[in-house]
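Chemist: Structure in structure tokens, see below.
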Amino acid sequence: MKLTGKRILLVGMARSGIACAALIRSHGAIPVLNDQKKEEAFGHDLDHLRELGCEFRLGEDPVKVLDECDGLIISPGVPIDAPVVKAAKEKNIPMVGELEMAYSLLKGDVLAISGTNGKTTTTTLVGKIFENAGRLTHVAGNIGYPLSSVAMECRKEDVTVVEVSSFQLESIKTFHPHVAALLNITEDHLNRHGTMAEYIRLKQRIFENQTAEDYAVLNMDDAELVKMAPKCKAQVAFFSRTQKVENGAFVEDGKIVWQWKGARRIICDADQILIPGPHNLENALAAAAMTCAMGVPAPVIRHTLMSFTGVEHRIEKVRVFQGVTYINDSKGTNVDSTIKAVQSMKAPTVILLGGYDKHTDFMPLCREMVASGQIAHAVVLGETARQIREQLEEAGYTAITQAYSMEDAVNKARALAVSGGNVLLSPACASFDMFRDYEQRGEVFKQIVHDLK
């Protein structure tokens, strides 16, 4: 997309949209800012964009504004079938997503990670490995720091590790990571993508522009991902915690091994990984495969795996109060993620469930809660509270309490918890019914827990 002197409509003024506006302005474009919200709703968040000379068209119909512009950039929250996108196609106005725009202006090595779960942990872990290897590293994308911000500052000798969502993959065109990993595929975001087949197709796009010089990293333990391997033009490196792979990372005799074209390297003992749970072993294997493919020395990977403590809002220990451990897993925004959190519990646990409705089937989680034997009680709240209660009861689980706010939920969980047990926030839902995002939800939970007296 040509930028210099062009009026470019940006639709969606969340973090990525704000960063993209500054990026294209620095390349000579005139950003035209649009969002459903009006200017007063942003407070001072957009002040610097006005100083840069951006044009504000907030609260207006973007289809009408489009007629005055030479190009369109959409934020991840704007669906690919939105009216403004359809209008751009009809009028032959160039359109890209924020990720694609930022990538086109990026310098240096790019690695990308997607999947239903584990993206943030693996992205952060890969970034730490490169940092420990002495590379100037940027960690960006869906993780919360826009790729557009990295494109403003990166150099050709830097490395950028990008967490990529299915929303972002809807609108890519040339996005081409040298190493791309797909961690897993389970049901999520069907309210936007409609079917699992479409969700899987979008996830697979992360490999779309790779060549034989690149690496595609896939989970051998996920049958859906194994089927993708023959379609990849890149060299395929598998990872597995349950079986040996010919080329990739796996566990053998309790050790993490990297094997590539007959050569083997021992990384570390699997039980030396600091972050707990079988899902985190998978994340560590994926990170090891990606960084081994890039030539990072095994001692650097070993040191990082043995010292990495995890990410905020993902099975994060908040506080032990009156003998009860409070755990923040607000990043548990879908069923499979919360199942993994449930499997990590080793003591009687009161779980906080519910949130924004993504048209999800909660029955697999309900069955896991019954099977685990560790979930003593469920406190449900949010839009999905009724559905979760009904499906829990259908699964034969009846220890359920309704809450009406996060504070109410924590107080009820506190009364239900036993000394030596846990209170776990792992909603299995997005947060948009009550909070700005999962981060705000987690921060509110932690503040309420720290305020307990």
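The values are calculated or read from the model by the stated rules, or taken from the named source; none is laboratory data. Please read all numbers here as calculations on a predicted model, not as lab measurements. With ideal geometry, Cβ positions are generated from the backbone for all residues, glycine too; neighbour counts draw on all protein chains shown. Keep in mind that these areas ignore ligands, DNA and RNA; they rest on the heavy atoms of the full protein, side chains included. Shrake-Rupley method; radii C 1.70, N 1.55, O 1.52, S 1.80 Å.
Chemist: Test of the criteria: in the range 178-234, which trypsin sites (Lys or Arg not before Pro) are in a DSSP loop and have at most 14 other Cβ atoms within 10 angstrom of their Cβ?
Modeler: Lys227, Lys233
Chemist: Okay, next question. Quick check for me: using +1 on Lys/Arg Cβ and -1 on Asp/Glu Cβ, what's the dipole size of the chain about its Cα centre, in debye to the nearest 20?
Modeler: Computed about the Cα centre, the dipole is about 820 debye.
Chemist: For the charge dipole of the chain, defined by +1 on Lys and Arg C-beta atoms and -1 on Asp and Glu C-beta atoms about the Cα centroid, which residue among Met1, Ala181, Leu352 has the Cα displaced farthest towards the positive pole?
Modeler: Ranked along the dipole, the leading option is Ala181.
Chemist: Which of the lysines could be linked to Lys64 by a straight reach, that is with a Cα gap under 21 Å, when you skip same-chain ones fewer than 8 residues away?
Modeler: Those lysines meeting the cut-off are Lys6, Lys37, Lys38, Lys86, Lys89, Lys91.
Chemist: Residues of the range 253-297 with amide nitrogen under 15 Å from the 7 Å Cα-to-Cβ point of Lys317?
Modeler: Answer for the range 253-297: 274-277.
Chemist: Then there is this: Along each of the three principal axes of the Cα atoms of the range 199-323, give the extent in whole Å, ordering the values from largest to smallest.
Modeler: 55, 36, 23
Chemist: Taking N as the number of residues in the range 113-152, what is its alpha-carbon radius of gyration divided by 2.2 N^0.38 Å?
Modeler: Dividing the Cα radius of gyration by 2.2 N^0.38 Å gives 1.18.
Chemist: Per residue of the chain, what 222 nm ellipticity follows from adding -39500 (n - 2.57) for every DSSP H run with n ≥ 4, rounded to the nearest 500? List each step's numbers first, then the result.
Modeler: On the way: 18 runs with 156 residues, N = 453.
Estimated from H runs of four or more residues: -9500 deg cm²/dmol.
Chemist: Got a sec? Which residues in the range 28-42 would a label at Thr4 touch, if it sits 7 Å along Cα→Cβ and we count backbone N under 11 Å?
Modeler: The answer is 28-29, whose backbone nitrogens lie closer than 11 Å to the label point.
Chemist: Turning to a different aspect of this structure: Rounded, prolate or oblate: pick one for the range 1-123, where a ≥ b ≥ c are the square roots of the eigenvalues of its C-alpha gyration tensor, a/c under 1.5 means rounded, and failing that, prolate if a/b is larger than b/c, else oblate.
Modeler: Verdict is rounded for the range 1-123.
Chemist: Keeping all protein chains in place and using 1.4 angstrom, which order do His359, His189, His279 fall into by accessible surface area, from largest down?
Modeler: On the way: His359 120, His189 45, His279 15 Å².
From most exposed to least exposed: His359, His189, His279.
Chemist: Quote the charge dipole size of the range 252-370 about the Cα centre in Debye, to the nearest 20; the model charges only the Cβ of Lys and Arg (+1) and of Asp and Glu (-1).
Modeler: 280
Chemist: What percentage of the solvent-accessible surface of the chain, computed with a 1.4 Å probe over protein heavy atoms, is contributed by carbon and sulfur atoms? Please report the intermediate quantities before stating the final value.
Modeler: On the way: 9070 of 18420 Å².
Answer for the chain: carbon and sulfur cover 49 percent of the accessible area.
Chemist: Related question: Please name which of Pro94, Leu125, Gly59 has its Cα lying farthest along the dipole of the chain towards the positive end, using unit charges on Cβ (Lys, Arg +1; Asp, Glu -1) and the Cα centre as origin.
Modeler: It is Leu125, whose Cα lies furthest towards the positive end.
Chemist: Something else now. With all pairs of different alpha carbon atoms counted, what Kirkwood hydrodynamic radius in Å does the range 63-221 show?
Modeler: One over the average 1/r among Cα pairs gives 16.3 Å for the range 63-221.
Chemist: Of the listed peptides 286-293, 151-158, what is their order by residue-averaged count of other C-beta atoms within 10 Å, with the highest listed first?
Modeler: 286-293, 151-158
Chemist: Can I get the semi-axes of the range 138-269's equivalent ellipsoid? Compute them from the C-alpha gyration tensor as square roots of 5 times the eigenvalues, in angstrom, largest first.
Modeler: 26, 20, 14
Chemist: With no solvent and one equal point scatterer per Cα, compute the Debye intensity ratio I(q)/I(0) for the range 233-392 at 0.14 Å⁻¹ and report its log10, rounded to two decimals.
Modeler: Each listed q corresponds, in turn, to -0.81.
Chemist: Here's a follow-up. Ranked by accessible surface with a 1.4 Å probe, highest first, in what order do Glu170, Glu163, Glu246 come?
Modeler: Ranked list, largest accessible area first: Glu246, Glu170, Glu163.
Chemist: Tell me whether the range 302-453 comes out rounded, prolate or oblate; compute the Cα gyration tensor, take square roots of the eigenvalues as a ≥ b ≥ c, and use a/c under 1.5 as the rounded threshold.
Modeler: Rounded is the answer for the range 302-453, as its axis ratio a/c remains below 1.5.
Chemist: How large is the Kirkwood hydrodynamic radius of the range 7-65, in angstrom, based on all distinct alpha carbon pairs?
Modeler: 11.2
Chemist: Still on this model: Considering only DSSP beta bridges with both partners in the range 313-453, what is the antiparallel share in %, to the nearest 5? It would help to have the intermediate numbers written out before the result.
Modeler: Working: 6 of 22 bridges.
The answer is about 25 percent antiparallel.
Chemist: Continuing with the same structure: Can you tell me how the range 292-360 classifies by the Cα gyration tensor, rounded, prolate or oblate, using a/c under 1.5 as the rounded cut?
Modeler: oblate
Chemist: Moving on to the next point. Where both partners of a DSSP beta bridge lie in the chain, what percent of those bridges are antiparallel, to the nearest 5?
Modeler: 25
Chemist: To continue, here is another question. When the expected Rg is taken as 2.2 N^0.38 Å, what fraction or multiple of it is the alpha-carbon Rg of the chain?
Modeler: 1.00
Chemist: Sort His193, His44, His178 by heavy-atom solvent-accessible area, probe 1.4 angstrom, most to least.
Modeler: His44, His178, His193
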